[in-house]
Structures are given as structure tokens and as C-alpha cells.
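The values are calculated or read from the model by the stated rules, or taken from the named source; none is laboratory data. What you are looking at is a predicted structure, and each value in this text was computed from that prediction instead of being measured. Here the Cβ is made from the backbone with ideal geometry for all residues, glycine too, and neighbour counts use every protein chain on show.
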Amino acid sequence: MSEFSAELIGTMFLILLGTGVVANTILKGTKGFNGGWMVITTGWALAVFVGVVIAGPFSGAHLNPAVTLALAIAGKFAWSKVGYYILAQVIGSVLGAFIMWIVYRDHFNSTADPDTQLAVFSTGPAIKNAVFNLLSEIVGTFVLIFVIFYFTNPEMGDQKTPIGLGSLGALPVAFLVWAIGLSLGGTTGYAINPARDFGPRIAHALLPMKDKGHSDWKYAWVPVVGPFIGAALAAVLYLVLKG
């Protein structure tokens, strides 16, 4: 498997399972209806686990443009590959959301509320406040990236494995994402990954869904810009502390 296909497929599985657990808990008539926040955060953590297991040996399992950017800033990943990885991640996220929609199509058709339909695909603020919504995404992503740097020393270990979330091992990174979701996710739904929000939002805009409303592109910049800022800050602090 190439690095590109590994990032694409790994991100596709991440989004399929991650948006899938949201669909299972909020769409009308599902077996998991009203499952709650614990189910959603656990499902997303396990979705990350699956994505890392798939992509780790081949691409390092970035699965997140913010991770790719942070590793490049820290000098652990080639800048020439940044766009290549991000493109794969975005394509994979669109495909994952599309497959999820196919699986839950009848339940989308049974859910008349357009805001609920959109919430399956993308994040949104519990209280709209652009400054603090952005800050939430910055802090959540900062925690993700900073802990990644201190979870592992990529210079040690298997040099055949590319650097990324896979350097941590799938289980530790799943627990990290779970912790962020439980503790910091209540404000904006913790995108902490530009592809996680942007790709499914594209899918929502394109899919022929019954009772579909708008895709809320006015908010869409927050879960993209916030994670990039948080990732950059974490990488810079890591370099400063590293000396």
C-alpha cells in the first residue's frame, strides 16, 4: 500500500466509523438512538484506533492535516509531502462520510430535522461564539499534538515505519482522542482534525438527502483554522522545550 492510499483508506475508515456512531445515536429509529455523549466519544476513539491500525505501517497514520502540519514544523516530516498527505486525507474523509450515508440512508430519510442531519456529518458549536469556538478547537488540537510529541520519540524504534500517529501505537492514541472528547469536546464537538469536518461537510453538501438544509459553511472555517493553529503552536512549543 502506498502512503497516499494508506492515508486515504485509513481516514476513510476513521470517518465512516466516527460519523457512523453519531448517526447511530441521533438519527430517528436507530438501535443506538439517544446513546449519549459517552457512546459518541468512545466510538470516535475506536474509529481512530481502526484508522491507525490500517495506515500506521505504510504512512505513519497521520489521518489528520493538523498532525501532518505539526510534524512538518517539528522537522519530523518532509514539507514536500504535506499537500500529498492532506489531499489523501480529505478524499478519504469524503468517501467515509458517503459510505456512512448509504448505511444510514433510511434513517436520514426518517429524520426531518436538517440540523440533526448536518450534525452527523460535521461539528457545530453548543453556544455560538466565534472567538471561543475557535479557542476550543485550538486547545483541543494543541493537547492532541503536544501529547503526541511526548508520547513517543520517533527517532527511536522501527525506522521502517513512517512517523505519525502510528508511532504511538493505536491504543494510546485512541485513549488520547477519547480523553479530549470527554473533557474538551462539549463546546464544539471537537473536530481537532480539519479533514474530519471539511470532508464530511462536502459530502453533506453534495448528497441528495431528503429534508436537507444548508451545510453551514459560515462556521466551517472554525474546525479547519482552529486545529491548524493548535497544531502549529504545539509544534513550536515542542521545539522550544526541546532546545
query: Any idea which of (1) in contact with a Pro (Cβ under 8 Å, 6 or more places away or on another chain); (2) crowded, with 23+ Cβ neighbours inside 10 Å; (3) farther than 17 Å from S215 by Cβ is the one T123 doesn't satisfy?
result: (3)
query: Can T42 be described as part of a helix (DSSP H, G or I) and either acidic (D, E) or surrounded by 24 or more Cβ atoms within 10 Å (Cβ to Cβ) (or both)?
result: no
- request: Kindly indicate which of A66, A55 is assigned to a helix (DSSP H, G or I) and touching an Asp or Glu at 6+ places or on another chain (Cβ under 7 Å).
  value: A55
task: Hey, could you check the range 55-92 for residues that are within 23 Å of P172 (Cβ to Cβ) and polar (S, T, N, Q) and say which is modelled with the lowest pLDDT?
output: S59
- request: Answer with yes or no whether V82 is among the hydrophobic types (A, V, I, L, M, F, W, C), in contact with a helix residue (DSSP H, G or I) (Cβ under 6 Å, 6 or more places away or on another chain), in a helix (DSSP H, G or I) and under 14 Å from G164 (Cβ atoms).
  value: yes
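Are there any helices (runs of 4 or more DSSP H) wholly within the range 161-243 with 1 or more residues that are closer than 14 Å to A119 by Cα, and if so which?
194-206, 222-242
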Breaking point among (1) over 13 Å from the mean Cα position of the chain (by Cα); (2) under 13 Å from F121 (Cα atoms); (3) of a type outside the set (S, T, N, Q), for V222: (2)
message: Quick check on Q89: is it part of a helix (DSSP H, G or I), closer than 16 Å to L165 by Cα, in contact (Cβ under 8 Å) with a residue 60 or more places away in the chain and of a type in the set (S, T, N, Q)?
response: yes
message: Pull out all pairs, ordered by first then second residue, where Cβ-Cβ is under 7 Å, the residues are six or more apart or on different chains, the first lies in the range 206-218 and is touching a residue at least 40 places away in the same chain (Cβ under 8 Å), and the second is surrounded by fewer than 13 Cβ atoms within 10 Å (Cβ to Cβ).
response: D211/A112; G213/D115
task: Can you run down the residue pairs with Cβ atoms below 6 Å, 6 or more apart or on separate chains, where the first is in the range 18-42 and of a type in the set (G, A, S) and the partner is part of a loop (DSSP other than H, G, I, E, B) and at pLDDT 95 or above?
output: A23/Y104
